[in-house]
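Asker: Sharing a structure, written as structure tokens. Questions coming.
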Amino acid sequence: MNKSESLPLTIEESLPMVESYGLEEVQPPAKERLILEELIEDAEQKEKILLRYRAVAEISQAPDTLKKEKIKLWADRLGVHERTVTRLCEKVGNEGVAALARLTRADAGMTKGSKLWRGKTLEEWKKFIEDKYETGNKCGRSMSRNQVFIQVKGHATLELGLKEEGEYPSRGFVYTVLNPLVQPNKKGRNPGQGPGIVMRVLDAQKNEEEIVVERSNQVWQIDHTLLDNLLVDANGETAGTIWLTAIIDTYSSCLMGCHLSFVGPGSHEVALALRHAILQKHYGPEYELREKWEACGLPEYIVTDKGKDFLSAHLRRVGIDLGIKLRRRLYTEQGAAIERPFLGIKNEYSSKLPGYKGGSLAERPENTENYACICYEDYDRKLVRHIVDHRNTHLYPKVKNQTCQQRWWAGLVGGKPIMPSNERDLDVCLMKETDRSIQKYGCIAFECLIYGAGWRKDDAGLWRYDEDADFLKDHDGKVSIRYNPSNIVYILIYTKEKNGQPSKYLGTIRAKHSEERDLYRDEERLSLKEWQDRKEKRRKEGKAVDQSSIHREQLDLTQFSNEQVSAHRKRKRKAKEVRGDEQARITRASNHSNVVELPVPNASRKSKKPSKTATNAGLTDTAIVESINEQSEIQVKPALYVVPDWNEFVEDGW
């Protein structure tokens, strides 16, 4: 059967009940009702039009008391809003049934603006949006459609002075302009946990526990992420990417503290981030902060994943000393509170900086290394400002009239956080170093730097030793030091742990000087990474210096020494040979003494020698004597005497 034969030719044929409703009174002339074959050829569209016509017919003939119910009923059937059904009825009443054939707008596909926009024309706004997107995705950077809208809103409110939302392009208009340039990832949104926050965790004995989060500083979550920016050192050479350890308050989603490090994070980095989160934050004018980072205090619980760095003995000791309960998440999905800020930092901060390499190969810009130009200090300052002025100032998702930091204040019990009694209580969070020996005048060597306990600057700015200020003069042997890698100008001195007794805080000492004399004259802050870069720079500069003369001198000196030793040995051998020849010459030239044989006084001419066989056989003394008697007689030669004067000898002897 043909499709055209299966459908009615007119609406009157498809709806025989229309006559009973008196539809002719509200419909335009009949020539406008013939819409199925004259205007619509697609069968599916015809079915949609018939369904709409039934809706309009039933609603228009319904009593006034039932019209709202009919509109709501047909809105559910058509899958549209109630206002759409109302407008459809009004359109049929004004334009006739032919208005049902227009399923799409006449201006569909056109980029339309608003007459209320100010500051720029429609074309200027479109060009501004496209330029921002193209510029933000050059030079190793990445910018999303949402970030372009933030740029538009900031430009309109801060630079053009526009206050109302309708005076500048909306988010939908920005997305429409950028649709030809970018294809957004269509991912289903996570609906979240609902109004309440319940966490299922494991304690140290792996027992399950349920925590109902009801207040601020009740549950903190800690995790790490590798930021997607290539940094450079002070020389402009690539230093690598950096790790971020962040702490989030679960109740308010406020970022409490963080720590940056080039090395893979461990328990020490976690402890440093925890120390930063607990203490009050104070930043100088170089950070250019408009808001204050007020979040601080001691938490009740710390919830982490099952990483080894969160199960270390160091972190357990930190929890015991500070009275914090350490727990692990039972389900991975409960870590969304800490993973969401990481995603925001990546999209709203890291992607806007040069040297952005992306989290995956698919989104990695080309030639990322060529655009890396940001050092650690600048990166740290900009990240702190992003957290304070952007991240913590965002509206809390579930409460639309509070920022994250305002919700943190509102959720505190008693209106203020619980703080440690002394900052020294948090020294357990500082990174520990191996034991160091106390040198003369209270000095300690660390990282090629000299720290002095009793050294003070005089009025001329020179270091002088003050014995009264040397608190290490009575401590012989070794001490334990602790330091903050972000500032090694000062280190903390502790006694060594002995016989299970905890170490005791002695004092804080400052770097006295270094190989570069003026390095610490004015500086009060220096990170360990920066100092290591400086040392590496000096080593490289030293290797670049031409020292071939030193090597040549040493080689020549060694060769000269070997030659001299060899010549000396030859001279000694030659001298020995010469002395032998000279002695022989002297002997030949002199008168030799006559040699005569003289009898041995009181000695027998015959002598017996014990047999070798008898001796080896281990015979007795008697057997040995008998064996000697049996031996043949041995002729004993007379002793030889040298006679200096033969004539005198003859006269005396005769």
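Asker: Inside the range 334-367, can you point out the residues that are assigned to a helix (DSSP H, G or I) and either charged (D, E, K, R) or farther than 26 Å from Glu291 by Cβ (or both)? Spell out the reasoning first.
Answerer: Filtering the range 334-367 for residues assigned to a helix (DSSP H, G or I) gives 334-348, 350-352.
Hits for the range 334-367 are Gln334, Gly335, Glu339, Arg340, Lys346, Glu348, Lys352.
Asker: Let me ask something additional. Quick check on the range 279-302. Is at least one of its residues at pLDDT 90 or above, assigned to a strand (DSSP E or B) and not polar (S, T, N, Q)?
Answerer: The answer is yes, given that some residue of the range 279-302 is at pLDDT 90 or above, assigned to a strand (DSSP E or B) and not polar (S, T, N, Q).
Asker: A further question follows. Being under 17 Å from the mean Cα position of the chain (by Cα), closer than 26 Å to Val384 by Cα and basic (Lys, Arg) is the filter here; which residues of the range 295-346 pass it?
Answerer: Lys346
Asker: Take the range 281-306 and flag every residue that is out of contact with any strand residue (DSSP E or B) (no Cβ under 8 Å at 6 or more places or on another chain) and in contact (Cβ under 8 Å) with a residue 60 or more places away in the chain.
Answerer: Tyr283, Glu286, Tyr287, Glu288, Leu289, Arg290, Glu291, Lys292, Trp293, Glu294, Gly297, Leu298
Asker: Of all residues in the range 199-245, which are free of Cβ contacts under 8 Å to residues at least 12 places away in the same chain and among the β-branched types (Val, Ile, Thr)? Even if it seems obvious, please write down each step before you answer.
Answerer: Restricting attention to the range 199-245, the residues satisfying the condition of being free of Cβ contacts under 8 Å to residues at least 12 places away in the same chain are 205-207, 237.
None - no residue of the range 199-245 is free of Cβ contacts under 8 Å to residues at least 12 places away in the same chain and among the β-branched types (Val, Ile, Thr), so the list stays empty.
Asker: Run down Ser527, Ser561 and say which single residue is hydroxyl-bearing (Ser, Thr, Tyr), outside the structural domain of Val263 (by TED's automatic domain parsing), surrounded by 10 or more Cβ atoms within 10 Å (Cβ to Cβ) and modelled with pLDDT under 85. Can you show your working first?
Answerer: Numbers: Ser561 fails: modelled with pLDDT under 85.
Criteria check complete, one pass: Ser527.
Asker: Separate question: Being of a type in the set (Gly, Ala, Ser), assigned by TED's automatic domain parsing to the domain that holds Lys382, part of a strand (DSSP E or B) and at pLDDT below 90: is that true of Ala239 here?
Answerer: Values: of a type in the set (Gly, Ala, Ser): yes; assigned by TED's automatic domain parsing to the domain that holds Lys382: yes; part of a strand (DSSP E or B): yes; at pLDDT below 90: yes.
Yes; evaluated as a whole, the condition is true for this residue.
Asker: Among the residues in the range 220-229, are any part of a strand (DSSP E or B), among the aromatic types (Phe, Trp, Tyr) and surrounded by 12 or more Cβ atoms within 10 Å (Cβ to Cβ)? I'd like the intermediate steps shown before the answer.
Answerer: Residues of the range 220-229 part of a strand (DSSP E or B): 220-226, 229.
Among the residues that remain, those that are also among the aromatic types (Phe, Trp, Tyr) are: 220.
Now narrow it down to the ones that are surrounded by 12 or more Cβ atoms within 10 Å (Cβ to Cβ): 220.
Yes, there is a match, as at least one residue in the range 220-229 is part of a strand (DSSP E or B), among the aromatic types (Phe, Trp, Tyr) and surrounded by 12 or more Cβ atoms within 10 Å (Cβ to Cβ).
Asker: Regarding Asp321, is this residue at pLDDT below 90 and surrounded by fewer than 17 Cβ atoms within 10 Å (Cβ to Cβ)? Explain how you work it out, then say what you get.
Answerer: Numbers: at pLDDT below 90: yes; surrounded by fewer than 17 Cβ atoms within 10 Å (Cβ to Cβ): yes.
In short, yes.
The values are calculated or read from the model by the stated rules, or taken from the named source; none is laboratory data. The model shown is predicted, which means the values in this text are computed figures rather than measured ones. In this analysis, Cβ positions are derived from the backbone assuming ideal geometry, glycine residues included, and neighbour counts consider all displayed protein chains.
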